[in-house]
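Enquirer: Take this structure, written in structure tokens, and hold onto it; I'll ask about it next.
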Amino acid sequence: MQRQKSILSFMHKPSPEPHKSGDIFSFSSKPPCQIPSTRQPVQSSALAGISTTDPSADDVRGIDTPPEKICRPFFSSRFPAAFDSADESVVQPFSSILHKFAKDDAAKSYSTKNQKEIVSSSLLSKSSGLEDNNPDKRNGMFIEDREKNADDFVFEANGKAQNAELVLDLLGPETPATRPHVPHFKRIQNISDFEHISSSFILGSNKRQKPNEELPEKEVHDEKYEISSKFEWLNPSTIRDANGRRPNDPLYDQRTLYIPSDSLKKMSASQRQYWSVKCNYLDVVLFFKVGKFYELYELDAEIGQRELDWKMTVSGVGKCRQVGISEAGIDDAVDKLVARGYKVGRMEQVETSDQAKARGKNSVIERKLVLMATPSTAIDGSMGPDAVHLLALNEGQSNNGSTVYGFAFLDYAALKFWVGSFIDDGSYAALGALLVQVSPREVLYEKSGLSKETHKALMKYASKGSITMQMTPIVSDQEFLDAIEVKKRINSHGYFRGTPNPWTTVIENEMHYDHVLSALGVLIGHVNRLKLDDALCNGELLSYHLYKGCLRLDGQALVNLEIFGNNFDGGLSGTLYKHLDHCRTTSGKRLLRRWICHPLKQIDDINDRLNVVEGLINNPEVIAVISQYLCKLPDLDRLLGRVNASVGSSYLLLLPSIGAKMLKQQIKTFGLLIKGLRMGMDLLMLLQKEHKVSFLSKVVNLHLLSGLDELLKQFEAAMSEVFPCYQDHDAKESDGETLSVLIEKFVGKAADWSQVIHTVNRIDVLQSFAASAITSAGSMCRPVFMPTKSSNSSRQGSGGSMLCIKGLWHPYAVGNNENGQVPNDINLGEGSEQQPCALLLTGPNMGGKSTLLRATCLAVILAQLGCYVPADKCMLTPADVIFTRLGATDRIMSGESTFFVECSETASVLRNATQDSLVLLDELGRGTSTFDGYAIAYAVFRHLVESIRCRLLFATHYHPLTKEFASHPRVNLQHMACTFDQKINGEQELVFLYRLASGSCPESYGLQAALIAGIPKSVVDAASTAGERMKLMISGNFKSSERRSEFSTLHEEWLKSILSLSRSSRDCWDEDTSDTMLCLWHEIRSSYR
């Protein structure tokens, strides 16, 4: 306990400075709504003077409504309060009787007193909101609390009250499945006055009576019409943004709303509080705090009714459509709306009723927008293990005409920003890689700043994953600043204080400096609009490299190889990530994903990982110990982010009602982080002494462990004394000061704590690699890496790129044989230029060609990740890029045909492939005619084999290609074997063996596959006859005959050279010509040995 006292006694928390609100960015060129500064004379119950507060501010004060709702008797003064209205079991029998007496009296009042105030004594049916079990709840609100709110009644200019209207719920709530499509202004519950409700609905009874005939039908109709036409500026036919633009305008800003000034004059102060914020946040579902409840109005009320099945009433602020929920259910309601893709805000009461009264007798409680939650900035524990990112994208052009992208994205839960840039070609594969790697929930972009091609690429990759990606166009010119302005704003507001080094060093290292800062400026403006200043001030700015220093996997490769999402439903089943994921912590899972996106290229780095994995595999008891520690760890990354975010947010703890709740949550978060760090530190210190896995000590060799261990003990002592029950601490006002002292001391070493957490995550991923090898269904081996030759040598003279795998099997595909897997051998290069570097693969449809190609690519990725490979033996040189062209797909929504997609992806391969690349092409050319497709397949294959000389896997059904390249020294012909079984009726059945065999397959056996697929036998027989005729027609052609296989494309080049030399005159016959003839003779001779 002595150490705890040393921390708290040597630090003094200064008085918190008043919080400075205000956005660093202006979101519109003119205010969305204009509130007049003049005050109008009013009656005692009429509108008071209108506030002069700026409409763009989040807080508006008024003086016309009571400061807080106060409980009052449920029945009017005409009825004795003989029982407590809070007890529904008591209310029901007496209310029915009193209800009958109230009917005649009310009718008399209506006819004789010219529509004076009538107070209902009826109790409505229970609401179907989140608090159904509360007997006092009415449509999500407590009756005794709602009635006292002066805004429930609309007062006329003469001071006389209109009839109080209540909602009649006879048929129960409508659901989206049963409700017909009706314009939102007509989706209003049946409204009538007190007499209509009294005569047709008995409290606590489901019986109906005839409507009151004394009520004029016309007046009811007129009142309904008046309600349905409320707030015409919200009508879809008249709605405009803050700049007066209609939705069909290209520059329409869907985030803002124009409210006419004359409409604001008619509003109460509470109404202006709400609409002055809502006009700047039309895209946000805005909860308005009223007493102990949160209410939604108008368009937001529709969302509450539709998504949460809440009943809608016409009351609340300004007698408009509203739904609501109590304080106890607000968190659950917000979580549900955010999970369904909505942005949600909460206008909280920032003062108590006593504070409001001190400003004036009839002052309204001040409210302010302080809490925002969106799908892209989620922080709660139900968000799952995957990182949630908010991405801002900027597009430009380089000097050579290439497309340049600058980007910035935020992981709000971890309080980390990343920035970067890249150049892309016409395939937009690099943009696809960014989207797959980051997997953003929301993409911010300038509405007119992205090309149509970029939009197509965004839509393409947005549809590949299982997570919905929301596109948010930004219109306001104020948010698009040049690099100098963005830099000034960051420095003036002190953003990114969590970055260890000056934030400018991160940006200045980027090649496309201006585009990066533009994207960062958009992200800052959006985050500031969401009131997430804690992220901007305390966040850490990092550099993000798409491909630098790693094996390049572009967007198409990540999709084709099903790295993170399968091609069936976009889920994790049947993906490489799912196969490798044996991590025990959620932060380890996120690091695993980052590692898979960036496999290593340097052999030393790969071997360092392999050494640790091998040691863990040989010592499974060490894995068991590691797992015991890791299973107890919370999400340390996110806990550290939340603790960092709490620095400087003490003003939120002063808010009534939510301040104590937030303080309690901060105490719990800090306590969990301290406890988790203790378990992580104990694990690292234990592994430092572990001698069975010698290479593991290199991973955890942190020189700062001992010093941090002593500091952590002091924090543990302080927590045990001040907050012994931190998970359920009864927070007091003085606890905020104590916690602030501890947190400020803690974040002083934030970089060191982050390093410890990252080391624990690395241990988790490495043990996951070992666990996947131990639990695999087949043989696994450690890959052996061979160094590559110097890249400075010419392509014609260099060689050495190789890939030799024995007993390769797909790590998570299931075959039809008894063991589930059929191992095969792959040999490309074998370290010598004379060995074939290309595999030309044929075989029957459904014979396993695509599975073999994918298994080869996955083996290379696993090897360069530092994992064991699913094979008996694996030897390779590191690959720099993996290119894939698989299947035949079109993009109808993008206007791209199957053949166009094939050619665009192939063009990227031909432009960017190198000798160290691994290229996978499956059935290239089948999207067009047979002859055109064959010609393109032939030319592409020949270019890759003879010009680029990369490792190539080429699967095709164009069997003439096997004749063309059968004798080529750099091409190896193989096929997927099959056989025929004799059936009882004498017919033959095709059987797939899934085994790689030498030579080419004589046929693709498409007719047999058609029979298996269910095509009628008569149709297949007709196809067989037509096929035989076609074979006879082309059999005489030399290139299609068997003799063609003895004459390769290299022989063609040699023959052309010889003929060219023979035509030259004897005067030109010199020593160089003789040497050329001699070299050609040696090449021909060596090829026939």
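The values are calculated or read from the model by the stated rules, or taken from the named source; none is laboratory data. Since the model is a prediction, treat every value here as computed from it, not as a measurement. When we count neighbours, we look across all protein chains shown, and the Cβ atoms used for this are built from the backbone with ideal geometry, even at glycine. Keep in mind that these areas ignore ligands, DNA and RNA; they rest on the heavy atoms of the full protein, side chains included. Shrake-Rupley method; radii C 1.70, N 1.55, O 1.52, S 1.80 Å.
Enquirer: If I ask for residues that are buried (at least 21 other Cβ atoms within 10 Å of the Cβ) and outside any helix (DSSP H, G or I), which ones from the range 924-944 would you list?
Expert: Leu924, Gly925
Enquirer: Taking the condition of being assigned to a loop (DSSP other than H, G, I, E, B) and among the small types (Gly, Ala, Ser), how many residues in the range 236-271 meet it?
Expert: 4
Enquirer: Out of curiosity, is Gly815 touching a strand residue (DSSP E or B) at 6+ places or on another chain (Cβ under 6 Å), modelled with pLDDT under 80 and not β-branched (Val, Ile, Thr)?
Expert: Yes, satisfied.
Enquirer: Might you let me know whether the range 369-376 holds any residue that is surrounded by 23 or more Cβ atoms within 10 Å (Cβ to Cβ) and assigned to a loop (DSSP other than H, G, I, E, B)?
Expert: Yes - at least one qualifying residue is present in the range 369-376.
Enquirer: For the structure I just gave you, tell me whether Val971 is open to solvent by less than 50 Å² (accessible area, probe 1.4 Å), farther than 28 Å from Thr898 by Cβ and of a type in the set (A, V, I, L, M, F, W, C).
Expert: For Val971, the condition - open to solvent by less than 50 Å² (accessible area, probe 1.4 Å), farther than 28 Å from Thr898 by Cβ and of a type in the set (A, V, I, L, M, F, W, C) - is not met.
Enquirer: I've got another one for you. Could you give me the residue pairs with C-beta distances under 7 Å whose first residue belongs to the range 1019-1037 and is at pLDDT below 70, whose second residue is outside any helix (DSSP H, G or I) wherever it lies, and which are 6+ apart or on separate chains?
Expert: Listed by first residue and then by second, the contacts come to Ser1035/Ser1041.
Enquirer: Can you name every residue in the range 708-725 that is of a type outside the set (Asp, Glu) and out of contact with any helix residue (DSSP H, G or I) (no Cβ under 8 Å at 6 or more places or on another chain)?
Expert: Across the range 708-725, the qualifying residues are Leu711, Pro724, Cys725.
Enquirer: Same structure again: Which condition number does Asp533 fail, the rest of (1) acidic (Asp, Glu); (2) over 25 Å from the mean Cα position of the chain (by Cα); (3) closer than 24 Å to Lys343 by Cβ being met?
Expert: (2)
Enquirer: Next question, about the same structure. Could you give every pair whose Cβ atoms fall below 7 Å, whose first residue belongs to the range 441-466 and is surrounded by 20 or more Cβ atoms within 10 Å (Cβ to Cβ), and whose second residue is aliphatic (A, V, I, L, M) and part of a loop (DSSP other than H, G, I, E, B), counting only separations of at least 6 or pairs across chains?
Expert: Arg441/Val388; Arg441/Ile467; Arg441/Met469; Val443/Met469
Enquirer: Further, regarding this structure: Within the range 319-336, take every residue that is surrounded by fewer than 23 Cβ atoms within 10 Å (Cβ to Cβ) and in contact with an Asp or Glu (Cβ under 8 Å, 6 or more places away or on another chain) and give me the one that is farthest from Met383 (Cα to Cα).
Expert: Lys319
Enquirer: Give the range 256-288 a look and list any residue that's among the charged types (D, E, K, R) and surrounded by fewer than 22 Cβ atoms within 10 Å (Cβ to Cβ), or say none.
Expert: Scanning the range 256-288 gives Asp262, Lys265, Lys266, Asp283.
Residues are listed down the side, and each one gets a yes or a no for (1) out of contact with any Gly (no Cβ under 7 Å at 6 or more places or on another chain); (2) at pLDDT 85 or above; (3) in a helix (DSSP H, G or I):
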position: Ala430; (1), (2), (3): yes, yes, yes
position: Gln437; (1), (2), (3): yes, yes, yes
position: Pro440; (1), (2), (3): yes, yes, no
position: Leu444; (1), (2), (3): yes, yes, no
position: Ser448; (1), (2), (3): yes, no, no
position: Thr454; (1), (2), (3): yes, yes, yes
position: Lys464; (1), (2), (3): no, no, no
position: Ile467; (1), (2), (3): yes, no, no
position: Met471; (1), (2), (3): yes, yes, no
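Enquirer: Can you find a residue that is more than 23 Å from Gly848 (Cβ to Cβ) and open to solvent by 80 Å² or more (accessible area, probe 1.4 Å) anywhere in the range 998-1009?
Expert: Among the residues of the range 998-1009, not one is more than 23 Å from Gly848 (Cβ to Cβ) and open to solvent by 80 Å² or more (accessible area, probe 1.4 Å), which makes the answer no.
Enquirer: Related question: Considering each residue of the range 502-521, count those that are in a helix (DSSP H, G or I) and either without any contact (Cβ under 8 Å) to a residue 24 or more places away in the chain or open to solvent by less than 10 Å² (accessible area, probe 1.4 Å) (or both), and give that number.
Expert: Selection size over the range 502-521: 9.
Enquirer: Being touching a His at 6+ places or on another chain (Cβ under 9 Å), acidic (Asp, Glu) and either over 24 Å from Pro823 (Cβ atoms) or surrounded by 13 or more Cβ atoms within 10 Å (Cβ to Cβ) (or both) is the requirement here; does Glu989 meet it?
Expert: No, not satisfied.
Enquirer: Considering each of Gly676, Gly778 in turn, give the residue that is at pLDDT 90 or above, of a type outside the set (Val, Ile, Thr) and within 35 Å of the chain's Cα centre (by Cα).
Expert: Gly676
Enquirer: Consider the range 615-649. How many of its residues are farther than 15 Å from Arg762 by Cα and under 30 Å from the mean Cα position of the chain (by Cα)?
Expert: Looking only at that region, the number is 14.
Enquirer: Kindly evaluate Gly539 against the criterion of being among the small types (Gly, Ala, Ser), in contact with a Lys or Arg (Cβ under 8 Å, 6 or more places away or on another chain) and open to solvent by 10 Å² or more (accessible area, probe 1.4 Å).
Expert: Spelling it out, it is not the case that Gly539 is among the small types (Gly, Ala, Ser), in contact with a Lys or Arg (Cβ under 8 Å, 6 or more places away or on another chain) and open to solvent by 10 Å² or more (accessible area, probe 1.4 Å).
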